[in-house]
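The values are calculated or read from the model by the stated rules, or taken from the named source; none is laboratory data. Note that the structure is predicted; figures quoted are calculated from it, not measured. We place every Cβ from the backbone using ideal geometry, glycine too, and count neighbours over all the protein chains shown. Accessible surface is based on the protein model in full, side chains and every heavy atom, while ligands, DNA and RNA are left aside. Shrake-Rupley method; radii C 1.70, N 1.55, O 1.52, S 1.80 Å.
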Amino acid sequence: MPIKVGDPVPAATFKQLSANGIANIDTATLLKGKKVVLFGLPGAYTPVCSANHLPGFVAKADDLKAKGVDDIVCVSVNDPFVMQAWGKQHGADGKVTMLSDADGAFTRAIGLSLDLPDYGLNGRSERYSMVVEDGVVKTINVEKTVLDHGVSSAANCMLHT
């Protein structure tokens, strides 16, 4: 069953490429005592993700942070090397934290795993965004299809922060 408002975000560990190599980032450290906008998408470099979803959060990062958001986090079932390169290409540095759910464990734990065999994407993520306060989901927006991006957009998150 998919995660819902009022649920705690499950324990998981993400991977992030840093200057010191691969770092493990756990959900407890990422979310404790903070207001975080966390969004997930099917894959780096995919059309809707690259044209709309990530760029929208990069563009609205300052506005979201002005509304009390401590961090904006992009999660995808991709490796940390891809997540870093994709984030750099879209100007995410300092605006959106790019995290790899390398084995899809987090995505499965929140009940939003998705297979898109026609695109060669299996074990990927539904397109969603959520506002999390101190590790608890305050709002969640899941798109009807991965080609949609309005419900999970940064603009829509602005209305719910």
**Prompt:** Between ASP79 and SER18, what is the spin-label point distance in nm, taking each point 7 Å from the Cα along the Cα→C-beta axis?
**Reply:** 2.1 nm
**Asked** How big, on average over all directions, is the shadow cast by the Cα convex hull of region 56-138, in nm²?
**Response** 6.0 nm²
**Asked** Using 0.36 nm per residue, how much length does the chain from ALA155 to ALA109 gain when fully extended, once their Cα-Cα distance is taken away?
**Response** 13.9 nm
**Complete:** Per residue, accessible area of region 41-161 with a 1.4 Å probe, heavy atoms of protein chains only, in Å², comes to 43 Å²
**Prompt:** Roughly how compact is the chain, stated as its Cα Rg over 2.2 N^0.38 Å to two decimals?
**Reply:** 0.92
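Express the carbon and sulfur contribution to the solvent-accessible surface of the chain as a percent, rounded to the nearest whole number, probe 1.4 angstrom. Walk me through the numbers before you get to the answer.
Working: 3950 of 7390 Å².
Accessible surface attributable to carbon and sulfur in the chain totals 53 percent.
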**Complete:** For the pair LYS138 and SER50, the simple spin-label estimate (label points 7 Å beyond Cα toward Cβ) gives in nm 3.4 nm
**Asked** Check SER125: other-chain or 5+ apart residues with amide H under 5 Å from its amide H, H built from backbone geometry?
**Response** VAL77, LEU114
**Request:** Using only Cα atoms, locate the centre of region 127-141 and the centre of region 9-76, then give the distance between them in Å, rounded to an integer.
**Result:** 12 Å
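Mind scanning LYS88/LYS144; LYS4/LYS35; LYS67/LYS144 and naming the pairs with a C-alpha gap bigger than 21 Å? All intermediate terms of the calculation are to be shown ahead of the outcome.
Values: LYS88/LYS144 29 Å; LYS4/LYS35 17 Å; LYS67/LYS144 27 Å.
With Cα atoms farther than 21 Å apart: LYS88/LYS144; LYS67/LYS144.
Show me the ranking of peptides 4-11, 106-113 by mean Cβ neighbours inside 10 Å, starting with the highest.
106-113, 4-11
Take every DSSP beta bridge whose two residues both sit in region 1-123, then give the antiparallel share in percent to the nearest 5. Mind showing how you got there, number by number?
Values: 8 of 18 bridges.
Taking every DSSP beta bridge with both residues in region 1-123, the antiparallel ones total about 45 percent.
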